[in-house]
Amino acid sequence: MKNGSGNTNTKLILLHPYIQKQTSTTRLWLLAFVSFFTIIFLLTLLYTRDTIPSKNSSVAAAVAAVVTRGSSSSPTPISNSKLPTSAINALLHYASRSNDSFHMSYGEMKSISDVIRRCSRPCNLLVFGLTHETLLWKSLNHNGRTIFVEENRYYAAYFEEIHPEIDVFDVQYTTKAHEAGELVTAAKEAARNECRPVQNLLFSDCKLGINDLPNHVYDVDWDIIFVDGPRGDAHDGPGRMSSIFTAAVLARSKKGGNPKTHVFVHDYYRDVERLCGDEFLCRENLVESNDLLAHYVLDKMDKNSTQFCSGRKKRSVSSLS
């Protein structure tokens, strides 16, 4: 095209499509590069999270390793460990200084505690009666088996509810304290039959034998038996004839374990406790006594034995009839 001046040097500027294509391709490569490294980072993070153990699992593994090493290198199982002497002394100290007027004296508790301390682990302790010292006996027999027998089923259930670590079984006694003389005489006359000194009380027909405890109680070889129940201070109370007779039979009917059984009788100043102690636990087995506590050591007997005692001065039964 010509203009009026006749100048024909018109300039034409063209934009080549290559320039736009080059810019777009560069951006795509940059985006692809960033996306690639982002994916690699995420995959690395996920893999690292799955393969590195957590702090809690590491601690658990370390604790397990320590326990395993400790248990494998220890010559004595943990379950057989005894309560430290300092702990025993503390328990006796505070229990003897209780404000409860019915608690045992320090000397009485220590006599029983000393026997529990010497008992081979695991020690089997049977206690007749729930008393002020119940938690003490359970604690002193650390890692041993401790079972309590109580006459009041409601108190037994209540005690187990507030102290679930305590094993209590209730027994319904059918005896009366004022019948002691008559019952002891009848048991002596039946010593060759239903009231023999060696028998399975679970199947016993002896009136003084306690036969309604759980089966497994009769299968245990008891090392220590403590008679501190049922009530024996009332004329119409059940008395402790049955618990003392049962303790005597359990001690003499052992099938294994230590052939000797320590039997303690509390409130030994009372006539019923002394009479039944003489007739069923026997004077020749009495190793220590005072007005409040008697300590017997009984040997197991042959299954054909028909006498509880031998060679001792008998106490008159007629005085309690």
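The values are calculated or read from the model by the stated rules, or taken from the named source; none is laboratory data. This structure is a prediction, so every number in the text was calculated from the model and none was measured. Glycine gets a Cβ as well: all are built from the backbone with ideal geometry, and neighbour counts include every protein chain shown. Just the protein is used for accessible areas: all its heavy atoms, side chains included, with ligands, DNA and RNA removed. Shrake-Rupley method; radii C 1.70, N 1.55, O 1.52, S 1.80 Å.
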> Is at least one residue of the stretch 296-314 closer than 22 Å to Gly129 by Cα and in contact with a Lys or Arg (Cβ under 7 Å, 6 or more places away or on another chain)?
Replying inline: yes
> Is it the case that some residue within the stretch 217-238 is modelled with pLDDT of 95 or more, assigned to a helix (DSSP H, G or I), closer than 18 Å to Gln172 by Cα and open to solvent by 10 Å² or more (accessible area, probe 1.4 Å)?
Replying inline: yes
> Is it the case that the stretch 280-295 has a residue that's open to solvent by less than 30 Å² (accessible area, probe 1.4 Å), part of a loop (DSSP other than H, G, I, E, B) and under 15 Å from Leu126 (Cβ atoms)?
Replying inline: no
>> Restricting to the stretch 128-143, and then to whatever is assigned to a helix (DSSP H, G or I) and open to solvent by 10 Å² or more (accessible area, probe 1.4 Å), can you tell me which residue is nearest to Phe159 (Cα to Cα)?
In response: Leu135
> Across the stretch 220-254, what is the total count of residues that are under 21 Å from Arg117 (Cα atoms) and β-branched (Val, Ile, Thr)?
Replying inline: 4
>> Go through (1) open to solvent by less than 30 Å² (accessible area, probe 1.4 Å); (2) assigned to a loop (DSSP other than H, G, I, E, B); (3) touching a Pro at 6+ places or on another chain (Cβ under 9 Å) for Val198 and report which single condition fails.
In response: (3)
>> Please count how many residues of the stretch 159-178 are out of contact with any Asp or Glu (no Cβ under 9 Å at 6 or more places or on another chain) and over 18 Å from Trp137 (Cβ atoms).
In response: 3
> Could we say that Gly209 is at pLDDT 95 or above, touching a His at 6+ places or on another chain (Cβ under 9 Å) and in a loop (DSSP other than H, G, I, E, B) here?
Replying inline: no
